[in-house]
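A quick write-up on the structure given underneath.
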Amino acid sequence: MKQLIVFIKKEFYQIFRDRRTMTILLIMPIAQILLFGFAINTEVKNTRVAVYDPSKDASTQLVIDRFQASDYFTIAEELTNPDQINDVFKSGKIDLVMVFSENFAENLLNDGQAAVQLIADGTDPNQASILTGYASGILSSYRQELMEQYNVPFQITPEVKMLYNPQSKSAYNFVPGVMGLILMLICAMMTSIAIVREKETGTMEILLSSPLKPTYIILAKAVPFFVLSVVNLITILLLSVFVIGVPIAGSLFLLVLVSLLLILVALALGLLISTLVDTQLAAMMASGMGLMMPIMLLSGMMFPVESMPDVLQWLSSIVPARWFIEAVKKIMIQGVEIRFVAKELCILAAMAFGLIAFALSKFKNRLN
């Protein structure tokens, strides 16, 4: 019995000395429960609404005030021309547009009915359905108050329009997210494992003793994975268009450019992970488990970033897949020009070159 207790103590000491094991056992569950608890949120919060109101009467102002007073909506912009609707969606400034019919109050009082058009971004059909449902609820509540006040059966008809995705196909939303997930995980995982394998077997020192500089050796190992990732990208795009039926409404060049930037970011992350771990198993866990959860929860792939707490929204800004997914949705579904994705391109480019420079310098210093 004493021998058993001694061995148990030994195991405890060994676990406590291993910081990585302690992190996995104690810190990871805390991080997971917080992320899953706050990020998995299908409620609509802080929805940015633009209003086009040609009537500008007391009734439309009352409806606008009710939207503004709601916890779910924020009136972010008032449009002066219906031609602005496409631009505000493409710029990413607005989540919902509310269009009142002309002579709204007059039609409501004289005819007992008026129309309001609710236009949502159909690239995320689930989110769009929730938004229009909440907005229709506010309109219904206002109609009910009018009926109680005037004892007249008023009718306010919300006309829902799903912009860019009138059929509300879910593939329009999940294909960009899956593209980001696949490219990030495959590139980062394969690069980190390939380099750590050389270190684990002791052949990396043999390679470094060759006349080539260490940087050239690492780049030579990364280039094949870059080429294979490009092949994966082509395959994914072909399947998305010809099998799943997701169109490429915008520039194919822009789509390829943003995808190549994400591939560079993933390769740099894989190289960085290879400097932090010494075994292939650790590299697989760091690149697979470590990247999968942030990509799925914080990138907007499954849950809207706007509905998350401010801290998680800030954390999501350092997840490369978030900017990739936003850019791909705009290019593939909305067909935007380069000026509407300039922000995402610049962020991904800065991440790519910054991570590559940092990972290469850290790798070189570590091996020296």
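The values are calculated or read from the model by the stated rules, or taken from the named source; none is laboratory data. As the structure is a computational prediction, the values presented were derived from the model and not from experiment. Cβ coordinates were reconstructed from backbone atoms using ideal geometry, including for glycine residues, and neighbour counts include every protein chain displayed. Remember, those area values only see protein heavy atoms, side chains included, never the ligands or the DNA or RNA. Shrake-Rupley method; radii C 1.70, N 1.55, O 1.52, S 1.80 Å.
Relative to the compact-globule scaling 2.2 N^0.38 Å, provide the ratio for the alpha-carbon radius of gyration of region 68-205.
The value comes to 1.68.
Excluding Lys329 itself, what net charge comes from residues whose Cβ is under 12 Å from its Cβ, given Lys and Arg +1 and Asp and Glu -1?
For residues surrounding Lys329, the net value is -1.
Name the long-range amide H neighbours of Leu79: under 5 Å, sequence gap of 5 or more, or other chain; modelled H, no Pro or chain starts.
Val51, Tyr52, Asp53
Please report, as a whole percent, how much of the solvent-accessible surface of region 277-325 comes from carbon and sulfur atoms (probe radius 1.4 Å).
Whole-percent figure for carbon plus sulfur exposure: 75.
How many percent of Cα pairs in region 59-113 exceed 13 Å?
I get 66 percent for the Cα pairs in region 59-113 exceeding 13 Å.
Assuming a ≥ b ≥ c are the square roots of the Cα gyration tensor eigenvalues, decide whether region 168-293 counts as rounded (a/c under 1.5), prolate (otherwise, with a/b larger than b/c) or oblate.
Verdict is prolate for region 168-293.
In Å and from the alpha-carbon atoms only, list the Rg and Dmax of region 51-143.
13.0, 39
If packing is taken as the average count of other Cβ atoms within 10 Å, what order do 45-56, 174-185 fall into, highest mean first?
Ranked from most to least packed, the peptides come out as 174-185, 45-56.
Ratio of Rg to Rh for region 284-325, alpha carbon only, Kirkwood?
A ratio of 0.98.
Short version: ³J(HN,Hα) in whole Hz for each residue of region 246-262, in order, from phi by Karplus 6.51 cos²θ - 1.76 cosθ + 1.60 (θ = phi - 60°), x for Gly and Pro, what are they?
With coefficients 6.51, -1.76 and 1.60, one gets 8, x, 10, 6, x, 6, 5, 4, 4, 5, 5, 4, 5, 5, 5, 5, 5 Hz.
Given Cα positions, please report Rg to Rh for region 244-368, the hydrodynamic radius being the Kirkwood one. Show your work: numbers first, answer last.
Working: Rg = 16.0 Å, Rh = 15.7 Å.
Value, to two decimals: 1.02.
How much of the accessible area of region 214-273, in percent, comes from carbon and sulfur atoms when a 1.4 Å probe is used?
84
Using alpha carbons only, how many angstrom separate the centre of region 292-313 from the centre of region 241-276?
When both Cα centres are located, 19 Å separates them.
Quick check: at a probe of 1.4 Å, how many percent of the accessible area of region 87-201 sits on carbon and sulfur atoms?
Exposed carbon and sulfur together represent 48 percent of the surface.
Please report the Cα spread of region 292-362 along all three principal axes, rounded to whole Å, starting with the longest.
38, 30, 20 Å, listed from the longest principal axis down.
Could you compute how much accessible surface Ser129 exposes when probed at 1.4 Å, giving the result in Å² to the nearest 10?
Its heavy atoms expose roughly 60 Å² to the probe.
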